[in-house]
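Here the structure comes first, spelled out in structure tokens, and everything after it is commentary.
Read-outs throughout are calculated quantities, based only on the coordinates presented, and are distinct from any laboratory measurement. In this text the structure is predicted, and so the values were computed from the model without any measurement. As a convention, Cβ positions derive from the backbone with ideal geometry for all residues, glycine included, and neighbour counts pool all protein chains shown.
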């Protein structure tokens, strides 16, 4: 393995890493940061193009620790203090990488027989969005569509919360909510908006067909224009006197309900065919 020592804080790689801490830097370069051995390992395992790997001297002395066995061929090394300065975490593990942002389109997400799509509308909290992406992957969703106004999915906090799901799940961003709904409907996808004021509970929905589950902004929910475009609205009923649910929790409840329905329907069809 090639070892490239870095001693100057003005090194070009460190400048690039600092720039990737900003959304504008990520958009301009098409690159983003992955921090921590687990994410770096996952990126290599999923063949995400990785441009650079930076480690601290302590991490290097450990023999690259948890990254042994990956196909890392070269690392740049800085002292622990300099690594902490460019890291996005309070207690850095000692390894980060620069990866290429995956590019997908809506056709990839809706190409299956009965796509299940998460539509995130103006989600602002990085932890919420990362958890929603991770949950969508775990529930078997075919992809995630993010409206304009969402936090950048390649924000470092989103990347950590998504826990590698960004490398496995197609994601499309930067459509307006209205454009996204119209495009999904044009492709035969039913759009259901999760709205606390909706009259019908989610468990009454038929979620076995092509479906997009829309979850709105944490504080404002959906605009009237977006609600008017949705095919239907549903809610997660709660105990009287409770605050509305966190957006990521709402997404998880409805996505896994869809998964359960689809599994039941698949088993029913298999039983009929074998009957």
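A few notes on this one:
- The range 80-119 versus the range 207-262: alpha-carbon centroid distance in Å: 25
- Value of relative contact order over the chain, rounded to a whole percent, pairs C-alpha under 8 Å and six or more apart: 18
- Residue-averaged 222 nm ellipticity for the chain, from DSSP H runs of 4+ at -39500 (n - 2.57), nearest 500: -11000 deg cm²/dmol
- Length added when fully stretched, residue 263-residue 242, from 0.36 nm per residue minus Cα-Cα: 4.4 nm
- Spacing of the two label points (7 Å from each Cα toward its C-beta) at residue 206 and residue 148, in nm: 3.6
- Site pair residue 1 and residue 19 shows an inter-label distance of 2.7 nm when each label is modelled 7 Å from Cα along Cα→Cβ.
- Two-site label geometry, residue 174 and residue 186: point separation in nm, points 7 Å out along Cα→Cβ: 1.8
- For the chain, share of DSSP beta bridges that run antiparallel, in % to the nearest 5: 30
- Cα-based helix-to-principal-axis angle, 247-274 vs the chain, degrees rounded to 10: 60
- Taking the C-alpha atoms only, the angle from helix 126-138 to the longest principal axis of the chain is near 70 degrees.
- Counting other Cβ atoms within 10 Å as a rough exposure proxy, the listed residues 35, 179 run 179, 35 from fewest neighbours to most.
- Peptides ranked, highest mean first, by Cβ atoms within 10 Å: ranges 111-117, 199-205: 111-117, 199-205
- Going from the residue with the fewest nearby Cβ atoms within 10 Å to the one with the most, 207, 1 rank 1, 207.
- Recomputing log10 I(q)/I(0) by the Debye sum over Cα atoms at q = 0.09, 0.10, 0.17 Å⁻¹ from the coordinates shown identifies the correct label among (i) -0.38, -0.47, -1.54; (ii) -0.48, -0.58, -1.22; (iii) -0.42, -0.53, -1.55 as (ii).
- Considering only the range 2-100, percent of DSSP beta bridges that pair antiparallel, nearest 5: 60
- Potential lengthening between residue 46 and residue 58 on full extension [0.36 nm per residue; Cα-Cα distance subtracted]: 1.7 nm
- Relative contact order of the range 2-100, pairs being alpha-carbon contacts under 8 Å that are 6 or more residues apart, as %: 43
- Principal-axis analysis of the Cα atoms of the chain puts helix 177-186 at an angle of about 60° to the longest axis.
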